[in-house]
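Okay, structure first, notes after.
The values are calculated or read from the model by the stated rules, or taken from the named source; none is laboratory data. Since the model is a prediction, treat every value here as computed from it, not as a measurement. Methodologically, a virtual Cβ is constructed for each residue, glycine included, from the backbone with ideal geometry; neighbour enumeration extends over all protein chains shown.
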Amino acid sequence: MGEAVLGAFLPVLLQKLADPEVIEYFGRVKGVDKKVLEKWTRTLTAIEAVLSDAEEKQLTQRAVKLWLDDLRDLAYDVQDILDTFDTEMLKRRIERQQGSTSNSWISYLSKPKFNFSVNSEIKKISDRLEEITTREKHFGLKKLGVSKKPWKMPPTTSQLDGPVIGRNEAKEKILDDLLSNGEHSTSNFQNFHVVSIVGTGGVGKTTLAKDVFNDAATEQFCPKGWVCVSDDFDLLRLTTAVLQSVTSGDVKESKELNSVQEKLSKELAGKKFLIVLDDVWNTCNYDQWTTLQSAFRVGAVGSKIIVTTRDANVAKMMGDSSPHNLESMSEEDCWKIFVHHALLNNTPQDVALLKEKIVVKCNGLPLAAKTLGGLLRCKTVDEREEILDHKMWNLSNQMGILPALQLSYHYLPSNLKRCFTYCAILPNDYEFGEMQLILLWMAEGLIPQEAEENKQMEDLGRHYFRELVSRSLFQKSSKGNSRYIMHELITDLARWAAGNSCSRLEDMQNYDSSRRRLVRHSSHIPGMYDGIKKFGVYSEAICLRTFLPLSLSLSNYNYLAQRVTSDLLPKLQILATALFESISNNRAAKYNW
C-alpha cells in the first residue's frame, strides 16, 4: 500500500518543482508550456491538502486506494523527468568548474529527439494529473492540510532493548532442556537435540532465544552460532551461514554444498555446540532438514539446536515432539515493557490513567508494547489520547498489519517515513549496519542537507537511524551490538507502506508485466547457482531506480550480479543506485558494515 508514503514524498517533489534552475531548464525545452511547472505545483499542492483524509479513507474505500496507487506512480514519474534535468544541471556545473565556455547543454536541450521525448512525457503527466484531479472530486475528501512544523529530535534517540520481561519460567524450562545430557535425542545416530520455541509473530520468540543464548549457563557450549533462516531455505546459503557463525569470520565462497558441509563437519566434530536457527518457515521440508543437519551429527553428545518458528509442524519435523509454546504476555508484563520503552521511570498520573487502554491495545504482544511505548514517548496527554482512540485500531487489522505498528508508521515525521519505507527493499531477517543504511539513504537523496543547522548528512542520518531504533522499528541483532535487524512484522509494515515501489527479485518473478513496471527499488541476495535468465524480469522494470545485490559478507560478492549490472541494467535509463556494496567496500569497512 505505497500510497501511505505519499505524504512524505510530495513535499520533496514540490520543493524540487520550485527549484529556479529546474524552472530555467524547462523553459529552454522547445514546445513546452512555460507555466507547466506552476500547474503541476498547484495541482499537487491541492492534492497534498486532502492526502491525510485520503490515506484514512482508502482503508474502507477501494476507489480511494486505487486513486492513491495511481497518484503515487505519477509522483514517481514526475520525479523521473525532473531527474533528467538534474542530470543536465550537474553536467553544466561540471563544465563551469572545468572552465568550459561551451553551450553544449543548451544545444542538447534543443535536439529534436530530446525535445520530442520530453514533450511527450510532459504531455502524458499533465493529462494524468488532470484525470487524477477529476477523480478526486468524487471522493469528497476534506482539506485537512499538512503540518509545516519542522521535526526536532526528541531528548533521547536510542536505547538498549532492556531486560526480558515476563519470560523467566519459559527461560528456565528451555535452559533445563539445553543443559540435559542428551537423553532427549530422537535418534541413536545423532548427538544433538532440537529445542524449539513456537509462537505467533511478535510474541517474543527471538527475544527469548537471545536471552537464553546469552545466558552464562550456555557458556559450556563451544562453539555457539546464530543464523536467521526466514522464508528462503536455501541449503548452500544456510550451511555457509552456520559455518560462518561458528567460526566468527568470513568464509571463503564455495559453489559446492558438499564442500561447505565437510568444512562445517570438521569444525563441529567432537565439540558440544549450540546453534540457533531463528525464524524457520514452513518452506523447510524434511529432505532439506535432513541434508542440513547431516553436518551436526558429528558433534559431542549434549549438543543443542534452538529453533524458533511460528509453525508447530516445523518443530515436529525437526525432531522436537514437545516444543515450547510461547503464549501471549499478561497485561501487567505488557505494561512493564511499555513503561520501559516510553521512558517512564516514574509513571505520571496522566499516563497511569491510560493503562487499561494501553494494555488492551498491546494484545499480549511484547512487540506491540515496545512499539507503542516508542510512539507515545514524549507525547502530550491529548496526543496520547488521540493515538489511543484513533480509528485505525479498528481498521488496520483488515490490512494484516498490527495496529500498533501501523500507527507507529502513521505518526512518523515525513523525513523518517521516507527513510523507513525505503527499508522495504531489505530481505527478511537481513542484518545491516548503521552507516550502511545511512549511505543508502544518502545515495537515494532521502536525507536533506540542513545547512542552517550546520550538520553533515551523515550526522543527520545517524539521528534518523537512532530515532527509528528508539521506536523499536530497528532492533539490535542477536549476533552483535554493531548490527541491526527488522522484525519480520516490521518488514511487513515497510512493504505495506512501500507498495509496489520496493520489491525483492524473488517477489518480482511472480509479478505480471504491468506490476514490474511499477517497481522502483529492488534487492537480491545472490545465490551460487543463479542463472542470467533469473534477472530477465528487470527488462520490464523500466522505471527501476535501485538494484541492490546484498551479499552475506563483503567477501562473498557474486560475479553474476556484476554481470547483470554491466549487461542488463545500463539499458534502464533511470537507474540511480546499483552495486552499492561493491562500490563502497572501503568506506563500508571503515564504518563496520
Of all residues in the range 26-59 being of a type in the set (Val, Ile, Thr) and modelled with pLDDT of 80 or more, the one that is farthest from residue 401 (Cα to Cα): 36
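Residue-wise test of (1) in contact with a Pro (Cβ under 9 Å, 6 or more places away or on another chain); (2) free of Cβ contacts under 8 Å to residues at least 12 places away in the same chain; (3) within 28 Å of residue 195 (Cα to Cα); (4) surrounded by fewer than 17 Cβ atoms within 10 Å (Cβ to Cβ).
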site	(1), (2), (3), (4)
326	no, no, yes, no
330	no, no, yes, yes
337	yes, no, yes, no
364	no, no, yes, no
375	no, no, no, no
382	no, yes, no, yes
387	no, no, no, no
393	yes, no, no, no
Being in the same structural domain as residue 307 (by TED's automatic domain parsing), surrounded by fewer than 21 Cβ atoms within 10 Å (Cβ to Cβ), assigned to a helix (DSSP H, G or I) and touching a residue at least 40 places away in the same chain (Cβ under 8 Å), is that true of even one residue in the range 242-254? yes
Of those in the range 448-471 that are assigned to a loop (DSSP other than H, G, I, E, B) and surrounded by fewer than 22 Cβ atoms within 10 Å (Cβ to Cβ), the residue modelled with the highest pLDDT is 456
Exactly one condition in (1) of a type in the set (A, V, I, L, M, F, W, C); (2) out of contact with any strand residue (DSSP E or B) (no Cβ under 9 Å at 6 or more places or on another chain); (3) at pLDDT below 85 is false for residue 525; which is it? (2)
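Residues checked against (1) surrounded by fewer than 21 Cβ atoms within 10 Å (Cβ to Cβ); (2) outside the structural domain of residue 218 (by TED's automatic domain parsing); (3) touching a residue at least 40 places away in the same chain (Cβ under 8 Å); (4) more than 22 Å from residue 203 (Cβ to Cβ):
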position	(1), (2), (3), (4)
262	yes, no, no, yes
268	no, no, yes, yes
271	yes, no, yes, yes
277	no, no, yes, no
283	yes, no, yes, no
286	yes, no, no, yes
292	no, no, yes, yes
295	no, no, yes, yes
300	yes, no, yes, yes
Does residue 532 qualify as being within 24 Å of residue 442 (Cβ to Cβ), surrounded by fewer than 18 Cβ atoms within 10 Å (Cβ to Cβ), among the β-branched types (Val, Ile, Thr) and modelled with pLDDT under 80? no
Conditions (1) closer than 23 Å to residue 477 by Cβ; (2) out of contact with any strand residue (DSSP E or B) (no Cβ under 6 Å at 6 or more places or on another chain); number of the one not met by residue 263: (1)
Is it the case that the range 275-285 has a residue that's assigned to a helix (DSSP H, G or I) and either at pLDDT 90 or above or over 26 Å from the mean Cα position of the chain (by Cα) (or both)? no
